[in-house]
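The values are calculated or read from the model by the stated rules, or taken from the named source; none is laboratory data. Note that this is a predicted model, so its numbers are computed, not measured. For neighbour counting, all protein chains shown are included, and Cβ atoms are generated from backbone atoms with ideal geometry for every residue, glycine included.
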Amino acid sequence: MTQQRDPSRPIRIGMIGTGFMGQLHSAAYKTIPLIYRDTVPSFELVRIAGRSNVADAARHYGWAQATDDWHAVTEAEDIDLVDIVTPNDTHAAMVISAARHRKIIVCEKPVALDGQQARLMGQAVADAGVAATVCFMYRTWPAVQVARHMIGRGDIGTVHGFRGRFLHDHVSDPRDPAAWRLDPTRAGAAVIADIGSHVFDLARHLVGDVSELFATARGKLPANVRVEDEADILLRFETGATGHIWVSWLATGTGMDVGFEVHGDRGALRFTWTRPSELLFFDSRAPRDARGYSTIPLGPAHPPAAPLTEFTGMGLGFQDGFVTLLGAFLQDLRNGTSSAPTFDDGVIAAEYVDAALKSHRDRAWIPI
Ligand SMILES: NC(=O)c1ccc[n+]([C@@H]2O[C@H](COP(=O)([O-])OP(=O)(O)OC[C@H]3O[C@@H](n4cnc5c(N)ncnc54)[C@H](O)[C@@H]3O)[C@@H](O)[C@H]2O)c1
């Protein structure tokens with residue numbers, strides 16, 4: 001956190017993009033001061049940039065000004081933080097411009113179309129010495145934070161296995177508003193980048209860095225769309241643990257599920273987005289006749305969930321994911337901590353995506 005900012009002045013935020021994420025990030029900024037109160041710095045929603053109906057988006061999302069020129073966000077004197085929520089092919093120019101103008105940066109994932117582009121962006125961020133986060137919001141999801149805490153505390157012993165997944169069944173429809181994801185020139189490595197990057201980040205966050213991987217991917221979409229929409233990826237971690245990731249846009253019947261199992265020599269943890277406010281814990285030290293997964297419902301006893309839940313059982317939802325991610329990043333800016341994902345986490349995920357594509361094409365294990 002090296003940029004010099006007058007801490008007595010509110011952080012002046014500018015956003016680029018008015019779509020799905022533009023709406024959810026805007027809603028999160030509205031909620032964060034109510035939830036995190038004085039633990040986050042004060043901020044103002046100054047300007048939003050977009051391609052169409054920007055004035056309308058500004059009015060509904062709560063931004064003071066609208067513009068159709070994203071440079072009026074990344075280069076503006078009256079902006080301190082740039083939040084980039086546009087399709088993947090646009091991130092590089094915007095991040096590099098924002099970094100050169102010494103803005104704090106929030107960038108949606110995947111950061112770039114490939115690892116090389118991500119490294120150039122990471123270098124620009126590092127050269128500028130600006131704070132930057134990438135929106136791997138499952139990392140800051142309360143159940144994931146509790147899982148990481150329990151792993152770190154030794155509750156499941158030495159981790160030897162990770163099974164992760166991210167499943168959708170709607171992106172394969174070309175009429176879907178998310179259809180730009182089906183164009184490799186706009187999205188990069190299709191399903192592996194779009195949702196696989198989230199699971200790569202979860203695997204690193206919960207188990208550690210991956211030393212090599214083997215991927216096999218499939219493209220089952222209509223013939224005019226030349227992208228991978230499903231993949232299986234085997235992992236070997238630096239710790240010696242092994243893993244498997246399954247990502248799919250074709251998981252019929254699964255609107256959305258992000259999940260994982262982490263197995264250790266003394267227990268295991270399980271999570272599924274279909275029950276996002278719970279974590280399952282298996283303790284193999286329990287008496288044999290009482291052994292089984294138990295459900296940990298998240299609530300005020302869990303610090304990451306506490307600000308969002310007055311009492312256990314209230315439940316958390318997708319919108320809360322952006323509140324916890326952007327809230328964590330704003331707390332980092334205030335406290336000089338690093339609880340939100342860093343830009344380097346985005347670059348590393350892009351390198352894993354490259355490795356997965358290479359493995360699929362070469363039919364070989366790829367060292368990272
Ligand atoms: N973290 C997550 O869980 C998550 C979830 C969904 C999407 N995403 C990511 O968020 C980003 C945006 O996805 P989305 O679903 O909001 O897409 P979207 O298609 O709903 O919205 C994209 C917006 O960007 C605008 N835009 C495109 N090019 C622009 C330009 N040159 N200048 C200004 N505005 C421009 C479009 O007009 C649109 O408003 C992508 O990188 C995507 O991968 C992340």
Please state which one of THR67, THR74, THR18 is among the polar types (S, T, N, Q), in contact with a Ser or Thr (Cβ under 7 Å, 6 or more places away or on another chain) and surrounded by 17 or more Cβ atoms within 10 Å (Cβ to Cβ).
THR74
Residue, surrounded by the fewest Cβ atoms within 10 Å (Cβ to Cβ), within the range 243-265, restricted to residues that are part of a loop (DSSP other than H, G, I, E, B) and within 19 Å of the chain's Cα centre (by Cα):
GLY255
Quick check, is GLY321 under 24 Å from PHE281 (Cα atoms) and assigned to a helix (DSSP H, G or I)?
yes
Among the residues of the range 126-142, is there at least one that is surrounded by fewer than 22 Cβ atoms within 10 Å (Cβ to Cβ), over 23 Å from PHE281 (Cβ atoms), hydrophobic (A, V, I, L, M, F, W, C) and more than 14 Å from the chain's Cα centre (by Cα)?
yes
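Can you name the residue in the range 36-60 that is over 19 Å from PRO10 (Cα atoms) and touching a helix residue (DSSP H, G or I) at 6+ places or on another chain (Cβ under 9 Å) and, of all such residues, is surrounded by the most Cβ atoms within 10 Å (Cβ to Cβ)?
Taking the range 36-60 as the starting set, the residues that turn out to be over 19 Å from PRO10 (Cα atoms) are 49-60.
Checking which are touching a helix residue (DSSP H, G or I) at 6+ places or on another chain (Cβ under 9 Å) leaves us with 49-50, 57, 60.
Working: ALA49: 29, GLY50: 22, ALA57: 22, HIS60: 12.
Within the range 36-60, the match that is surrounded by the most Cβ atoms within 10 Å (Cβ to Cβ) is ALA49.
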Looking only at residues that are surrounded by 23 or more Cβ atoms within 10 Å (Cβ to Cβ) and within 14 Å of the ligand (Cβ to nearest atom) in the range 95-107, which one is farthest from PHE43 (Cα to Cα)?
VAL95
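Within the range 139-152, is even one residue charged (D, E, K, R), modelled with pLDDT of 95 or more and within 16 Å of the ligand (Cβ to nearest atom)?
Yes, some residue in the range 139-152 is charged (D, E, K, R), modelled with pLDDT of 95 or more and within 16 Å of the ligand (Cβ to nearest atom).
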Only one of these is in contact (Cβ under 8 Å) with a residue 24 or more places away in the chain and basic (Lys, Arg): ARG153, ARG100. Name it.
ARG100
Here is a list of conditions, (1) part of a strand (DSSP E or B); (2) crowded, with 18+ Cβ neighbours inside 10 Å, and VAL353 meets all of them except one; can you say which number that is?
(1)
Flag if THR312 is surrounded by fewer than 18 Cβ atoms within 10 Å (Cβ to Cβ), polar (S, T, N, Q) and assigned to a strand (DSSP E or B)
no
Of all residues in the range 301-355 being charged (D, E, K, R), more than 19 Å from VAL40 (Cβ to Cβ) and at pLDDT 95 or above, the one that is nearest to the chain's Cα centre (by Cα):
ASP345
Considering only residues of the range 290-327 that are of a type in the set (S, T, N, Q) and farther than 17 Å from LYS109 by Cα, which is nearest to the ligand (Cβ to nearest atom)?
THR309
Requiring at least 1 residues that are more than 16 Å from the ligand (Cβ to nearest atom), the helices (runs of 4 or more DSSP H) wholly within the range 184-227 are 196-206
Which of (1) farther than 19 Å from GLN23 by Cα; (2) of a type in the set (S, T, N, Q); (3) within 16 Å of the ligand (Cβ to nearest atom) is the odd one out, the single condition GLN65 does not satisfy?
(1)
When the range 1-44 is examined, which residues are found to be in a strand (DSSP E or B) and within 16 Å of the ligand (Cβ to nearest atom)?
ILE13, GLY14, MET15, ILE16
